[in-house]
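All of the numbers you see were taken from the coordinates with simple rules; none came from a lab. Please read all numbers here as calculations on a predicted model, not as lab measurements. We place every Cβ from the backbone using ideal geometry, glycine too, and count neighbours over all the protein chains shown.
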Amino acid sequence: MTVDSKNDEAGGAHPSADVNDKQGLIKRIWHALWRPTTRYSLGALLIIGFVVGILFWGGFNWSLEMTNTQTFCVGCHEMEQNVYREYRGSVHDTNASGVRASCPDCHVPRSWIHKVARKIRASNELWHHFLGTINTREKFEAKRLELAKHVWTTMKKTDSREYRNCHKFEAMDVTLQERRARNRHLEATEKGMTCIDCHKGIAHQLPKGALDAERELNETWNKVNGNN
Amino acid sequence: MTKILIALVSSLALFGLAFILASPASYSAEVKSLRGAPDIPESAGAEKIFPRDASGKFTKNYRQQPPLVPHKVDKYEIDLKINQCMRCHDWPRNVEENAPKISETHYVDRRTGKTLDRVARSRWFCTQCHVPQTDAKPLVKNTFKPVKIGQ
């Protein structure tokens with residue numbers, strides 16, 4: 001690309017020879033960007049831009065999905081030593097049908113906009129990882145209730161969105177369920193309850209004080225939003 | 001340099017091969033314990049699974065028997081932090097869940113005799129006494145007879 005910045009240009013700032021190199025380079029690149037090319041055709045630029053755009057978008061998406069895998073999540077020892085070991089052996093890890101739900105299936109939303117919003121919020125998790133907020137078992141146990149409450153509140157707000165990635169009321173054949181499960185699920189659909197109201201401590205251990213915290217959460221939620 | 005390397009690797013391989021061929025066919029025959037050479041059966045067979053019996057409530061065999069649990073218990077967490085049975089069987093949650101409340105005796109601290117607000121620590125692990133209903137035959141033949149009421 002020819003850079004026509006030195007002379008003949010009206011209205012633009014011209015870098016003189018004795019200005020330091022860095023400024024000159026940036027200014028030159030800037031000017032080059034906003035000048036029409038004399039060598040390459042519009043079509044060529046568009047096609048190249050399109051292809052490069054695909055590559056960059058693919059790269060972005062690929063790295064986003066890479067952070068959406070169980071392997072990535074348990075890369076941090078806080079996760080591997082605490083919640084991952086509790087998850088192993090739970091019904092979402094091993095069961096009769098062999099269908100598995102791992103970390104992202106329950107903790108990362110599936111739809112793109114919600115997923116990206118969650119990824120941006122995950123910078124908080126990175127921050128605390130570097131602060132070492134839960135980097136020992138004792139610290140983790142001390143924070144377990146608070147962390148659990150975060151998840152429960154999020155689920156309440158989203159009507160257990162991640163549960164409904166796989167479990168849908170409309171798809172539930174209650175005639176195949178046990179009597180207690182059938183009664184509860186029918187009651188839940190009638191009362192407009194959400195999955196997290198009952199299904200807590202599914203994959204990880206419940207924190208100390210969970211029952212009282214659950215009651216408190218339900219009460220404040222009902223007060224703010226009306227019953228369920 | 002490469003010639004030396006090749007010579008080294010091939011001699012090691014030959015040595016390893018000779019070692020494997022010269023060793024006895026199976027090492028298991030040489031394992032000895034205090035009981036002599038144990039006879040490990042080829043196939044032990046799978047353990048019998050006793051499914052939960054949900055056909056109504058089992059009757060108690062004597063008054064003090066801890067009632068049996070008519071539902072699955074394997075996913076309910078009881079550990080030092082939490083007792084998930086209390087989610088439905090402790091007051092006041094038993095009212096809304098329509099579940100039997102734990103016996104009043106379970107609120108009495110065994111050591112001090114005081115009645116507590118929450119379940120006593122000595123009664124924390126429910127499944128030590130309360131087992132799920134199942135159709136499991138007695139392991140050992142016995143002549144146990146349940147108490148007959150009124151006699």
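Here are the numbers for the structure shown:
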read-out: Value of relative contact order over chain A, rounded to a whole percent, pairs C-alpha under 8 Å and six or more apart; value: 16 percent
read-out: Gyration tensor (alpha-carbon) shape descriptor, the protein assembly as shown, a/c threshold 1.5; value: oblate
read-out: Part-to-part distance (alpha-carbon centres) for the range A:110-127 and the range B:126-151, which is given in Å; value: 54 Å
read-out: Per-pair calculated FRET efficiency, R0 = 51 Å: A:LEU186 and B:LEU34 via Cβ, rounded to 0.05; value: 0.25
read-out: Under the Karplus curve 6.51 cos²θ - 1.76 cosθ + 1.60, θ = phi - 60°, whole-Hz ³J(HN,Hα) for the range A:192-199, x wherever Gly or Pro sits; value: x, 7, 10, 3, 5, 4, 10, 8
read-out: Tensor-based shape of the range A:151-204 (alpha-carbon gyration tensor, a/c under 1.5 rounded, otherwise prolate or oblate); value: prolate
read-out: Computed E for B:VAL95/A:PHE56 - FRET, C-beta separation, R0 35 angstrom, nearest 0.05; value: 0.05
read-out: Degrees, to the nearest 10: B:2-22 long Cα axis against longest axis of chain B; value: 60 degrees
read-out: Shape of chain B, Cα gyration tensor, a/c cut at 1.5; value: prolate
read-out: Computed label-point distance, nm, for sites B:ILE6 and A:ARG39 using a 7 Å Cα→Cβ extension; value: 5.1 nm
read-out: Fewest-first sequence of A:LEU211, A:LEU55 by Cβ atoms within 10 Å of each Cβ; value: A:LEU55, A:LEU211
read-out: Aspartates and glutamates with Cα under 13 Å of A:LYS149, excluding same-chain neighbours fewer than 8 positions away; value: A:ASP197, A:ASP212, A:GLU214, A:GLU216
read-out: Partner chain coverage, peptide A:203-213 - average Cβ within 10 angstrom; value: 3
read-out: Likely footprinting exposure, A:GLU146, B:GLU42, fewest C-beta neighbours within 10 Å first; value: B:GLU42, A:GLU146
read-out: Burial ordering of A:LYS191, A:LYS156, A:LYS143, B:LYS3, fewest other beta-carbon atoms within 10 Å first; value: B:LYS3, A:LYS191, A:LYS143, A:LYS156
read-out: In nm, spacing of pseudo-spin labels at B:LYS57 and A:LEU46 (7 Å Cα→C-beta vector); value: 7.9 nm
read-out: Nonlocal amide H pairs with B:ILE78, under 5 Å, H built at 1.01 Å; value: B:GLN84
read-out: Shielding by other protein chains, B:79-91, mean Cβ within 10 Å; value: 3
read-out: Members of A:LYS119/A:LYS168; B:LYS57/B:LYS145; A:LYS139/A:LYS191; A:LYS156/B:LYS60; A:LYS223/B:LYS81; A:LYS119/A:LYS139 lying beyond 30 Å, as alpha-carbon distances in this model show; value: A:LYS139/A:LYS191; A:LYS156/B:LYS60
